[in-house]
Amino acid sequence: MSTETPGTSLAVRAPSALAIAPSSPDELFKMATWIGKSKMYSGIDTPESAFTVMLRGLEMGIPMSVALTEIKPFDGKLSVSARLLESQAASDPEVEYFRLKSTDANQATYVAKRKGHPEIEHSFTMDDARTAKLDGKDNWKKYPKAMLRAAAARELARIISPNKTIGLRTRDEIESDEAEWRPEPVSPLPTAAA
């Protein structure tokens with residue numbers, strides 16, 4: 001039996017019995033210190049970087065373990081994976097579905113639908129990758145299909161769910177020239193036919 005006073009012990013969030021959440025900023029930093037020292041998460045090797053990632057995850061409402069694997073410090077900023085952007089969009093209560101339609105060595109196409117709006121289809125091609133000068137990067141050479149899927153999902157996530165993806169940037173976007181980087185404009189969703 002614990003003798004700790006309320007507010008100083010770890011809280012367990014329902015419904016997931018194993019989702020541990022700190023109950024104060026001090027507890028979050030204590031957890032971040034353990035995690036940073038453990039070096040168990042790639043790219044997170046200090047208490048400060050662990051704290052920042054965990055705090056961002058809490059703000060987004062995602063489990064800390066997901067934040068620690070899908071959000072990484074990079075070049076003094078936080079980068080997110082395309083998987084996390086896709087997950088955020090798919091979990092948006094206004095999004096009915098978000099799924100891969102087709103993929104091959106030259107393109108990836110996703111479809112998504114927001115409640116009350118028609119389906120949106122979005123593709124990313126190797127021509128798009130060449131235009132953005134992505135195709136010469138190591139991951140694009142080694143895993144072109146995966147990178148095409150990631151790019152298509154990332155862009156559609158921003159189109160279909162801007163409220164869940166705002167302020168989130170992938171490493172590719174951070175690597176691009178800061179002076180040139182602008183988030184893609186989000187056009188209004190088409191209205192459903194009456």
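The values are calculated or read from the model by the stated rules, or taken from the named source; none is laboratory data. None of the values given here were measured: they were computed from a predicted structure. Cβ atoms come from the backbone with ideal geometry, glycine included; neighbour counts cover every protein chain shown. These area figures cover heavy atoms from the full protein model, side chains too; ligands, DNA and RNA do not enter into them. Shrake-Rupley method; radii C 1.70, N 1.55, O 1.52, S 1.80 Å.
Which residues, taken from segment 137-161, are under 27 Å from Ser91 (Cβ atoms), surrounded by 15 or more Cβ atoms within 10 Å (Cβ to Cβ) and not small (Gly, Ala, Ser)?
Met147, Leu148, Arg149, Arg154, Glu155, Leu156, Arg158, Ile159, Ile160
Filtering segment 54-70 to residues that are within 14 Å of Ile35 (Cα to Cα) and of a type in the set (Val, Ile, Thr) leaves Val66, Thr69. Take the conditions (1) of a type outside the set (Gly, Ala, Ser); (2) surrounded by 16 or more Cβ atoms within 10 Å (Cβ to Cβ); (3) under 17 Å from Arg149 (Cβ atoms); Asp92 misses just one of them, which is (3).
Among the listed residues Asp45, Asp26, identify the single one that is under 19 Å from Arg171 (Cα atoms), open to solvent by 50 Å² or more (accessible area, probe 1.4 Å) and at pLDDT below 95. Quick ask: steps written out before the conclusion?
Working: Asp26 fails: under 19 Å from Arg171 (Cα atoms).
None of the others qualify; the one that does is Asp45.
Within segment 95-110, restricting attention to residues that are in contact (Cβ under 8 Å) with a residue 24 or more places away in the chain and within 20 Å of the chain's Cα centre (by Cα), which residue is surrounded by the fewest Cβ atoms within 10 Å (Cβ to Cβ)? My answer is Leu100. Among the residues of segment 162-192, those that are part of a helix (DSSP H, G or I) and either modelled with pLDDT under 90 or surrounded by fewer than 16 Cβ atoms within 10 Å (Cβ to Cβ) (or both) comprise Pro162, Asn163, Arg171, Asp172, Glu173, Ile174, Glu175. Taken over segment 66-76, the criterion of being modelled with pLDDT of 90 or more and open to solvent by 60 Å² or more (accessible area, probe 1.4 Å) is satisfied by Thr69 alone.
The condition of being surrounded by 13 or more Cβ atoms within 10 Å (Cβ to Cβ), under 16 Å from Arg171 (Cβ atoms) and more than 18 Å from the chain's Cα centre (by Cα) holds for only one of Leu134, Leu85, that being Leu134. Scanning segment 71-97 for residues that are in a loop (DSSP other than H, G, I, E, B) and of a type in the set (Asp, Glu) yields Asp75, Asp92, Glu94. In segment 117-135, the residues that are outside any strand (DSSP E or B) form Cβ pairs under 8 Å with partners that are at pLDDT 95 or above and of a type in the set (Val, Ile, Thr), at six or more places apart or across chains, as follows: Glu119/Val111.
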